[in-house]
Amino acid sequence: MYPHGMPWLSALGDQYGIATNYSSDESGSMLDYLWLSSGSGERSSGCAGWGCTHVINSNNIFRELNQAGLSWKVYAESLPSVGYMGMFSGVYVKRHNPAAWYSDVVNDPAQQKKMVPFTQFAQDLAAKNLPNYSVIIPNLLHDAHNGTPAMADQWLQQNIASLLNSSYFQPGGSGVMFVTFDNGDRDAQGLIFTAVIGANVIRGTKVGVPFRHENTLRTMIELFGLKQFPGASAGAAPMREFFKSW
């Protein structure tokens with residue numbers, strides 16, 4: 001399943017790997033970002049597509065990385081300032097930033113500083129100073145929801161191509177990138193395009209195994225060598241089919 005009107009992303013998936021039977025977990029943007037980070041839609045914390053009524057205390061990838069001494073950042077386009085915790089600012093929305101809802105971040109100003117405007121990404125990449133784990137969040141105009149798929153595709157090409165040309169993704173590099181969506185057509189739960197990219201990815205592979213966001217979470221946790229798997233990722237299979245070696 002290719003994203004309609006996104007030829008650059010489609011070609012990138014063809015070059016590396018595509019999960020052809022990958023589904024979102026629930027309708028509503030926020031819930032799927034949470035599935036990707038804590039293996040749950042966190043309904044018990046009052047979460048819905050717009051956000052959550054309560055702070056989430058569940059285990060999550062940010063907590064696991066912190067406990068392992070690994071670094072992370074959220075690079076959010078149009079975030080007005082480092083550590084911004086507001087719901088909206090122009091074309092930035094908090095419902096697309098999972099880190100800002102977990103107690104690990106809500107209760108720790110030092111952790112909030114790991115959420116930075118996307119302009120910082122190019123600087124960190126040029127300095128070869130990317131964290132161990134990065135979450136890249138386009139704004140509402142460039143996420144294929146409010147803007148057009150063509151706008152999203154152009155944004156990815158302009159901002160991600162330099163990453164693919166970096167040492168992180170060249171032969172011998174250890175970088176792995178997942179490009180996925182929170183939901184499908186008309187924001188409905190269902191099949192979504194997901195590409196798996198990296199020097200260790202089997203080129204041109206297409207995998208038809210049924211996957212969801214908890215499989216991606218499980219895969220990321222295992223790639224870091226960690227042993228605690230949040231939420232449904234504990235019972236989910238890693239996406240090993242994409243990799244030359246594991």
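Odds and ends about this structure:
- Selection count where residues are assigned to a loop (DSSP other than H, G, I, E, B) and of a type outside the set (Phe, Trp, Tyr), scope region 48-67: 9
- Residues located in region 68-83, provided they are surrounded by fewer than 18 Cβ atoms within 10 Å (Cβ to Cβ) and either among the small types (Gly, Ala, Ser) or free of Cβ contacts under 8 Å to residues at least 40 places away in the same chain (or both): Ala68, Gly69, Ser71, Pro80, Ser81, Val82, Gly83
- Qualifying residues in region 18-35 (those that are part of a strand (DSSP E or B) and small (Gly, Ala, Ser)) - the one nearest to Gly198 (Cα to Cα): Ala19
- Complete set of residues in region 136-158 that are acidic (Asp, Glu) and over 12 Å from Glu77 (Cβ atoms): Asp153
- Residues satisfying the stated conditions in region 17-37, i.e. touching a Ser or Thr at 6+ places or on another chain (Cβ under 8 Å) and over 10 Å from His213 (Cβ atoms): Gly17, Ile18, Ala19
- Residue under evaluation Ser40, criteria (1) surrounded by 22 or more Cβ atoms within 10 Å (Cβ to Cβ); (2) in a helix (DSSP H, G or I), criterion not met: (2)
- Scanning region 109-138 for residues that are exposed (fewer than 12 other Cβ atoms within 10 Å of the Cβ) and not β-branched (Val, Ile, Thr) gives Pro109, Ala110, Gln123, Ala126, Ala127, Lys128, Asn129.
- Verdict on Pro3 being outside any helix (DSSP H, G or I), under 25 Å from Phe242 (Cα atoms) and not polar (S, T, N, Q): yes
- Qualifying position, being loosely packed, with under 15 Cβ neighbours inside 10 Å, at pLDDT below 95 and on the phi > 0 side of the Ramachandran plot, among Gly46, Gly5, Gly28: Gly5
- Under the condition of being modelled with pLDDT of 95 or more and surrounded by fewer than 19 Cβ atoms within 10 Å (Cβ to Cβ), the residues counted in region 229-246 number 7.
- Complete set of residues in region 68-112 that are in a loop (DSSP other than H, G, I, E, B), more than 28 Å from Leu223 (Cα to Cα) and among the hydroxyl-bearing types (Ser, Thr, Tyr): Ser78, Ser81, Tyr84
- Condition check for Asn215: at pLDDT 95 or above, in contact with a Lys or Arg (Cβ under 8 Å, 6 or more places away or on another chain) and either within 26 Å of Gln15 (Cα to Cα) or not β-branched (Val, Ile, Thr) (or both): no
- Taking the conditions (1) under 25 Å from Phe211 (Cβ atoms); (2) crowded, with 22+ Cβ neighbours inside 10 Å; (3) under 17 Å from the mean Cα position of the chain (by Cα) in turn, Val93 satisfies each one other than (1).
The values are calculated or read from the model by the stated rules, or taken from the named source; none is laboratory data. Everything numeric in this text was worked out from a predicted model, so none of it was measured. Neighbour counts are summed over all protein chains in view; Cβ atoms, including those assigned to glycine, are modelled from backbone coordinates with ideal geometry.
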